[in-house]
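Participant: Pasting in a structure now, in structure tokens, and then I'll have a few things to ask.
The values are calculated or read from the model by the stated rules, or taken from the named source; none is laboratory data. Please read these numbers as outputs of a predicted model, since none were measured by experiment. Backbone-built Cβ (ideal geometry, glycine too); neighbour counts: all protein chains shown.
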Amino acid sequence: MRIRTAGVVALFALALAASGCGGDSDEPAAKDTPKAAGGKLVIWADDKRTAALKPFVEKFGQENGVTVEVQAVPNEDLQNNFVTVSSQGGGPDVVIGAHDWIGNLVQNGAIDPVQLSDEQKTAFNETAVKAVTFNGQLYGVPYAQENLALIRNTELAPEAPKTIEDLVATGKQLKAQKKVTETLCLQVGQKGDAYHIYPLYTSAGGYLFGTTANGDYDPKDLGVGKPESIAAFKKIAALGEKGEGVLKRSIADTNSTATFTGKKCAFLVSGPWATADVKKAGIKYDVSAVPGFAGGKAAAPFVGVQSFYVAAKGKNKALAQEFVANYVTKPDLAMALYQADPRPPALTAALDQVKSSDPDLAKFIEAGKNGQVLPAIPAMAAIWDPFGKAEAAVIGGADPTSTVTAAGKTIAGSIK
Amino acid sequence: MSTPLSGPESAQQAPGRGPVRTGSPRTSRTARNHAPITAAGLAAKVILLGLVAGIAIWAAFPLVAAAKWVGLAVLVLTSAALFYLYLGRRHVPAKYLIPGTLFLIAFQVVPVLYTASTAFTNFGDGHRGSKDDAIVAIQSSSVKQVPGSPQYPLSVATKGDPATGALVFLITKPGTDTVSVGDAGGLRPLDPGAATVGPGGKVTAADGYTVLNFGQASARSKDITDLVVPTAGGALRSSGLSRAYEGKAVRAYDAGCDCVKDSDSGKTWTADGEVGAFVAADGERLAQGWKVNVGLSNFTRVLTDERISGPFLGTLIWNFAFAIGSTGGTFILGMLIALALHSPRMRGTNLYRMLLILPYAMPSFAMLLVWRDMFNTDFGLINNLFGLSVDWFGQGWSARAAVILVQLWLGYPYMFLVATGALQAIPRELTEATSVDGASRWQSFRAVTLPLLLVALSPLLISSFAFNFNNFNAIYLTTEGAPFPADNPSNGATDLLITYTYRLAFGGQAAQFGFAAAISLFIFAIVAVVSAISFRRTRQQEEVYA
């Protein structure tokens with residue numbers, strides 16, 4: 001009896017296990033048959049871009065007899081997941097992401113350089129190519145770029161302000177007339193926002209990193225904590241809660257655009273991603289460059305670039321290189337991605353195509369003319385948090401000198 | 001947010017033994033051996049053991065492929081032991097204990113050991129892989145196109161079978177029809193006329209060679225990327241499947257000196273096994289490092305780094321205040337409401353209970369964000385409703401009060417629920433007896449109800465305390481640690497140890513997993529000591545009242 005039970009159980013168990021294994025080994029075989037010898041390309045992108053890429057890559061796959069698979073990974077996890085799987089020796093062949101990831105991806109050996117011919121490079125916006133160049137190597141192929149601009153409600157403020165002082169005067173007037181409750185919607189929040197304050201910081205004379213002889217950012221020359229940065233933060237403090245009340249910590253990423261679309265402020269500092277909400281709210285708006293301080297330098301917003309990367313640990317690097325270097329450089333894909341998420345294409349030819357139907361794009365590009373490429377060096381990661389907090393503290397009324405000096409020390413301490 | 005995370009569910013895994021019929025004698029050994037085998041029991045056994053075997057075989061293939069023999073041995077031994085245990089009729093207690101124990105090892109012991117072992121390394125961004133990985137990354141990222149050299153249209157071809165034959169590059173000199181064939185031996189010109197050149201300059205056919213199409217070529221991806229055709233100025237490499245360029249690896253590893261040399265600048269970086277990076281004489285490091293053992297340095301850094309040890313004590317005190325405040329506050333409020341609803345004179349208790357449980361039913365993640373917006377100075381509901389202009393998250397004490405208030409709202413329904421349950425278990429005769437003895441309501445609550453309640457709820461309070469001690473979301477989704485002193489952006493007034501260390505380990509230049517693991521071991525030690533003391537006191541209490 002006992003032996004028989006054990007035998008029955010073991011037999012069934014083995015049968016079950018065997019059927020499980022059979023299922024496993026059948027699957028890839030079935031997949032392989034239609035495309036006989038063809039290779040497979042795996043692309044990681046965020047949800048929006050996945051949808052835009054799908055029809056395009058299917059065409060690419062059919063034309064070339066290969067299988068292309070686009071996998072959606074949420075944008076906030078994409079970089080980290082990619083680095084993690086890459087260090088285990090697996091992961092996708094191609095990744096799509098912001099250009100300021102490059103520093104971290106390179107130090108983790110996760111991406112390979114891309115070799116573009118000179119003609120291919122000249123087809124792109126010059127700033128975009130500069131953004132994806134790191135240590136003298138081109139690490140990605142850009143497809144879109146973005147920067148901050150001043151979006152204004154033309155019913156409230158018909159003229160684009162030339163300087164911050166103009167803007168403040170107009171805002172105050174509107175406030176006195178009870179047409180708005182806030183002068184300027186520039187997101188700060190409790191821990192500050194280095195990205196959004198950067199145009200004002202540069203206009204007031206501050207800088208983050210110096211540049212080396214070949215134009216790269218130099219992590220050894222840190223501008224935060226230097227006298228220029230203290231002077232810049234003094235000007236920012238004058239606009240803060242204890243000063244003009246133009247910059248406020250109560251305006252944060254969560255409510256900045258909503259306050260503008262609710263007509264509570266006439267000016268919004270934001271990027272191309274905000275225009276969809278503004279349009280939906282039915283507001284008449286115009287886009288111009290973020291103004292600088294009167295008598296100061298030009299306000300320089302950060303220019304960020306979205307780019308395709310070739311994974312260093314991919315299974316199919318040759319195909320990935322082919323896709324990134326020879327297909328992403330064509331305007332069709334840039335157009336498809338523009339339809340999914342309206343950011344100015346980095347390919348000049350694609351930009352020219354959409355310019356006429358979407359006048360905002362040209363205005364955003366114009367607003368980014370003075371822009372500086374968002375540093376991709378790993379040291380930049382040390383800037384965001386301390387710099388933002390110093391900004392929030394200064395806007396809240398803290399002493400600029402001691403605050404910025406302390407922030408500079410913290411940043412210098414965490415740069416290796 | 002006081003849900004204890006550890007669950008007893010894992011221990012409830014059904015052992016593959018069939019249901020024992022009630023009334024059958026279970027005490028004697030012989031009786032158990034002759035217990036009837038039911039069809040359901042047999043089926044459960046077959047399915048569960050089948051699953052075990054299936055999972056084991058599924059897990060074995062990757063282990064064999066990666067040559068992880070220790071892992072394979074553990075897998076085989078565990079599966080064999082499971083089969084031995086559940087196919088035999090002996091070892092009944094073990095049958096009940098093993099599933100829980102296995103889950104405990106897999107989900108508790110192994111992660112803790114892994115964390116502990118990580119704490120002794122420099123694992124993190126820039127130090128993730130092995131030294132060989134770093135060398136490959138340094139060399140391949142230093143391949144630069146030879147200045148002034150053109151890019152060549154490329155076709156991949158072979159003399160043999162497209163799937164296995166040795167590959168060659170067929171490249172066309174740009175603007176001409178001159179075709180050369182390249183392999184690891186170098187570049188040789190092909191006879192004019194032997195190859196057909198397409199419109200883009202790509203070779204479409206060549207005598208004696210099979211030109212691979214995209215599908216065939218991409219299946220040979222690795223061979224193509226590995227094929228390097230030496231030339232005078234450097235080497236021809238593929239850039240995708242249709243172009244080749246003349247490139248040169250500027251940096252190369254030299255095993256002789258265990259260093260990386262740059263042929264352009266002549267600079268060398270020597271491997272430093274202590275820090276896991278190539279370091280130049282002037283102290284410059286190459287970004288691509290590797291993982292090494294760093295001994296106790298992560299721990300000493302926690303203790304000696306002024307930035308960490310300086311604000312540590314203040315943070316620890318606030319951390320305790322937060323955990324005690326959240327747990328105590330929710331407990332008191334929840335218990336008071338439970339007492340009020342427990343009163344026999346109360347009407348409509350079901351409606352009240354339903355309404356009171358609502359906060360518990362909503363996702364705390366979303367609720368924390370809603371609360372954060374409600375505390376906004378200019379646009380927040382709280383200031384607008386009461387006509388205040390308090391900068392809630394801008395001042396230390398108001399920010400602390402705000403996060404505790406949020407915790408109170410999120411956590412009291414849980415305490416209300418468990419207190420209601422515990423109250424119903426206390427016989428009413430006891431309190432009635434005290435009132436007969438002439439005790440006041442307060443005295444009877446103080447002397448009878450509360451102690452009995454605490455006996456039942458102490459373990460829950462301890463687990464709630466341990467959970468709140470590390471309640472990352474409660475801070476990170478509301479204040480993010482703010483307000484920060486103007487001169488120290490790394491430690492804020494509402495920072496818990498866990499949010500503070502998260503910022504230290506991941507907020508700076510890059511993720512530092514080794515360092516983070518070291519800090520989490522410190523936090524683990526603190527929570528473990530607090531819990532151990534609390535449990536000991538609970539046991540003494542139980543001895544008094546049980």
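Participant: Tell me whether the stretch B:59-75 contains one or more residues that are basic (Lys, Arg) and at pLDDT below 85. Outline the logic, then answer.
Facilitator: So in the stretch B:59-75, the residues basic (Lys, Arg) come out as B:68.
Going one step further and asking which of them are at pLDDT below 85, we end up with none.
No.
Participant: Would you call A:PRO142 away from chain B (no Cβ under 14 Å), at pLDDT 90 or above and in contact with a Leu (Cβ under 6 Å, 6 or more places away or on another chain)? Spell out the reasoning first.
Facilitator: Working: away from chain B (no Cβ under 14 Å): yes; at pLDDT 90 or above: yes; in contact with a Leu (Cβ under 6 Å, 6 or more places away or on another chain): no.
Considered against the rule, which asks whether it is away from chain B (no Cβ under 14 Å), at pLDDT 90 or above and in contact with a Leu (Cβ under 6 Å, 6 or more places away or on another chain), A:PRO142 comes out as no.
So that you can scan it fast, the table gives a plain yes or no per residue for (1) assigned to a helix (DSSP H, G or I); (2) in contact (Cβ under 8 Å) with a residue 60 or more places away in the chain; (3) within 23 Å of A:PHE387 (Cα to Cα):
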residue: B:VAL448; (1), (2), (3): yes, no, no
residue: B:SER463; (1), (2), (3): yes, yes, no
residue: B:ALA482; (1), (2), (3): no, yes, yes
residue: B:ALA486; (1), (2), (3): no, no, yes
residue: B:SER490; (1), (2), (3): no, yes, yes
residue: B:ILE498; (1), (2), (3): yes, no, yes
residue: B:PHE522; (1), (2), (3): yes, yes, no
residue: B:THR538; (1), (2), (3): yes, yes, no
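Participant: Moving to a separate point now. Has the stretch B:348-364 got any residue that is under 29 Å from the mean Cα position of the chain (by Cα), among the polar types (S, T, N, Q) and more than 14 Å from chain A (Cβ to nearest Cβ)? Break it down stepwise before answering.
Facilitator: Narrowing the stretch B:348-364 to residues under 29 Å from the mean Cα position of the chain (by Cα): B:359-364.
With the extra rule that they be among the polar types (S, T, N, Q), the set shrinks to B:364.
Going one step further and asking which of them are more than 14 Å from chain A (Cβ to nearest Cβ), we end up with B:364.
Scanning the stretch B:348-364 turns up at least one residue that is under 29 Å from the mean Cα position of the chain (by Cα), among the polar types (S, T, N, Q) and more than 14 Å from chain A (Cβ to nearest Cβ).
Participant: Any residue at all in the stretch A:307-316 that's under 30 Å from B:VAL136 (Cβ atoms), surrounded by 23 or more Cβ atoms within 10 Å (Cβ to Cβ), touching a residue at least 40 places away in the same chain (Cβ under 8 Å) and aromatic (Phe, Trp, Tyr)?
Facilitator: Within the stretch A:307-316, one or more residues are under 30 Å from B:VAL136 (Cβ atoms), surrounded by 23 or more Cβ atoms within 10 Å (Cβ to Cβ), touching a residue at least 40 places away in the same chain (Cβ under 8 Å) and aromatic (Phe, Trp, Tyr).
Participant: I'd like the full set of residues that are out of contact with any Gly (no Cβ under 7 Å at 6 or more places or on another chain), away from every other protein chain (no Cβ under 13 Å) and crowded, with 19+ Cβ neighbours inside 10 Å, limited to the stretch A:53-78.
Facilitator: Passing the criteria: A:LEU53, A:PHE56, A:VAL57, A:VAL70, A:VAL73.
Participant: A:TYR198: closer than 20 Å to A:GLY304 by Cβ, modelled with pLDDT of 95 or more and not hydrophobic (A, V, I, L, M, F, W, C), yes or no?
Facilitator: yes
Participant: Quick one: B:ALA194 ticks every box in (1) closer than 16 Å to B:SER242 by Cβ; (2) at pLDDT below 85; (3) among the hydrophobic types (A, V, I, L, M, F, W, C); (4) touching a strand residue (DSSP E or B) at 6+ places or on another chain (Cβ under 9 Å) bar one, so which box is it?
Facilitator: (1)
Participant: Quick one: would you say B:THR499 is polar (S, T, N, Q) and farther than 30 Å from A:GLY103 by Cβ?
Facilitator: no
Participant: Considering only the stretch B:140-150, I want to know if a residue exists there that is exposed (fewer than 14 other Cβ atoms within 10 Å of the Cβ), within 14 Å of chain A (Cβ to nearest Cβ) and without any contact (Cβ under 8 Å) to a residue 24 or more places away in the chain.
Facilitator: yes
Participant: Output the number of the condition that B:GLY50 fails; it satisfies all remaining conditions of (1) loosely packed, with under 15 Cβ neighbours inside 10 Å; (2) at pLDDT 90 or above.
Facilitator: Only one criterion in (1) loosely packed, with under 15 Cβ neighbours inside 10 Å; (2) at pLDDT 90 or above is unmet by B:GLY50, namely (1).
Participant: Only one residue in B:PRO15, B:PRO36, B:PRO19 is at pLDDT below 75, out of contact with any Leu (no Cβ under 9 Å at 6 or more places or on another chain), assigned by TED's automatic domain parsing to the domain that holds B:LEU102 and within 17 Å of B:TYR96 (Cα to Cα), so which one is that?
Facilitator: Just a single option satisfies the conditions, and that option is B:PRO19.
Participant: For the stretch A:262-295, name all the residues that are assigned to a helix (DSSP H, G or I) and of a type in the set (S, T, N, Q). Steps first, please.
Facilitator: Of the residues in the stretch A:262-295, the ones assigned to a helix (DSSP H, G or I) are A:272-280.
A:THR275 - this is the single residue of the stretch A:262-295 that is assigned to a helix (DSSP H, G or I) and of a type in the set (S, T, N, Q).
Participant: Determine which member of the set B:ILE138, B:ILE105, B:ILE98 is under 30 Å from B:SER265 (Cβ atoms) and not in a loop (DSSP other than H, G, I, E, B).
Facilitator: So the residue among B:ILE138, B:ILE105, B:ILE98 that is under 30 Å from B:SER265 (Cβ atoms) and not in a loop (DSSP other than H, G, I, E, B) is B:ILE138.
Participant: Test A:VAL141 against the criterion of being under 25 Å from the mean Cα position of the chain (by Cα), in a loop (DSSP other than H, G, I, E, B) and on the phi < 0 side of the Ramachandran plot, and give yes or no. Before you say what the answer is, go through the steps one by one.
Facilitator: Details: under 25 Å from the mean Cα position of the chain (by Cα): yes; in a loop (DSSP other than H, G, I, E, B): no; on the phi < 0 side of the Ramachandran plot: yes.
Answer is no for this residue.
Participant: Taking B:PHE506 as meeting all but one of (1) modelled with pLDDT under 85; (2) within 12 Å of chain A (Cβ to nearest Cβ); (3) under 20 Å from B:TRP318 (Cβ atoms); (4) under 16 Å from the mean Cα position of the chain (by Cα), write down the number of the exception.
Facilitator: (3)
Participant: Then there is this: Among the residues of the stretch B:337-356, are any over 30 Å from B:ARG446 (Cα atoms) and either surrounded by fewer than 18 Cβ atoms within 10 Å (Cβ to Cβ) or outside the structural domain of B:PHE416 (by TED's automatic domain parsing) (or both)?
Facilitator: no
Participant: Looking at the stretch A:314-334, which of the residues that are more than 9 Å from chain B (Cβ to nearest Cβ) and of a type in the set (D, E, K, R) is nearest to B:GLY240 (Cα to Cα)?
Facilitator: Among residues in the stretch A:314-334 that are more than 9 Å from chain B (Cβ to nearest Cβ) and of a type in the set (D, E, K, R), the one nearest to B:GLY240 (Cα to Cα) is A:LYS330.
Participant: Still on this structure: Checking B:GLY175 against (1) in a loop (DSSP other than H, G, I, E, B); (2) more than 14 Å from chain A (Cβ to nearest Cβ), only one condition comes out false. Which one?
Facilitator: Exception for B:GLY175: condition (2).
Participant: Tell me which residues, restricted to the stretch A:88-112, are free of Cβ contacts under 8 Å to residues at least 40 places away in the same chain and not hydrophobic (A, V, I, L, M, F, W, C).
Facilitator: Listed by number, the residues that qualify are A:GLN88, A:ASN108.
Condition check ((1) in contact (Cβ under 8 Å) with a residue 60 or more places away in the chain; (2) surrounded by fewer than 15 Cβ atoms within 10 Å (Cβ to Cβ); (3) under 19 Å from B:GLU274 (Cβ atoms)) across all residues:
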site: B:ARG90; (1), (2), (3): no, yes, no
site: B:GLY100; (1), (2), (3): yes, no, no
site: B:PRO111; (1), (2), (3): no, yes, no
site: B:THR118; (1), (2), (3): yes, no, yes
site: B:THR121; (1), (2), (3): yes, no, yes
site: B:GLY124; (1), (2), (3): yes, no, yes
site: B:ARG128; (1), (2), (3): yes, no, yes
site: B:LYS131; (1), (2), (3): yes, no, yes
site: B:VAL136; (1), (2), (3): no, no, no
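Participant: Restricting attention to the stretch B:151-164, and to residues there that are in contact (Cβ under 8 Å) with a residue 60 or more places away in the chain and of a type outside the set (Ser, Thr, Tyr), which single residue is nearest to the other protein chains (Cβ to nearest Cβ)?
Facilitator: Looking at residues that are in contact (Cβ under 8 Å) with a residue 60 or more places away in the chain and of a type outside the set (Ser, Thr, Tyr), I get B:GLN151.
Participant: How many of the residues making up the stretch B:305-322 are at pLDDT 85 or above and of a type in the set (S, T, N, Q)?
Facilitator: So the count comes out to 2.
Participant: Looking at (1) modelled with pLDDT of 90 or more; (2) more than 14 Å from chain B (Cβ to nearest Cβ), find the lone condition where A:LEU337 falls short.
Facilitator: Failing condition for A:LEU337: (1).
Participant: Any idea which residue in the stretch A:79-115 is farthest from the other protein chains (Cβ to nearest Cβ), counting only those that are crowded, with 24+ Cβ neighbours inside 10 Å and assigned to a loop (DSSP other than H, G, I, E, B)?
Facilitator: A:PRO92
Participant: I've got another one for you. Taking into account only those residues within the stretch A:407-416 that are of a type in the set (A, V, I, L, M) and over 17 Å from A:TYR201 (Cβ atoms), which is nearest to the other protein chains (Cβ to nearest Cβ)?
Facilitator: A:ILE415
Participant: Another question, if that's okay. Which count do you get for residues in the stretch B:192-243 that are more than 23 Å from A:GLY65 (Cβ to Cβ) and either assigned to a strand (DSSP E or B) or of a type in the set (Phe, Trp, Tyr) (or both)?
Facilitator: 5
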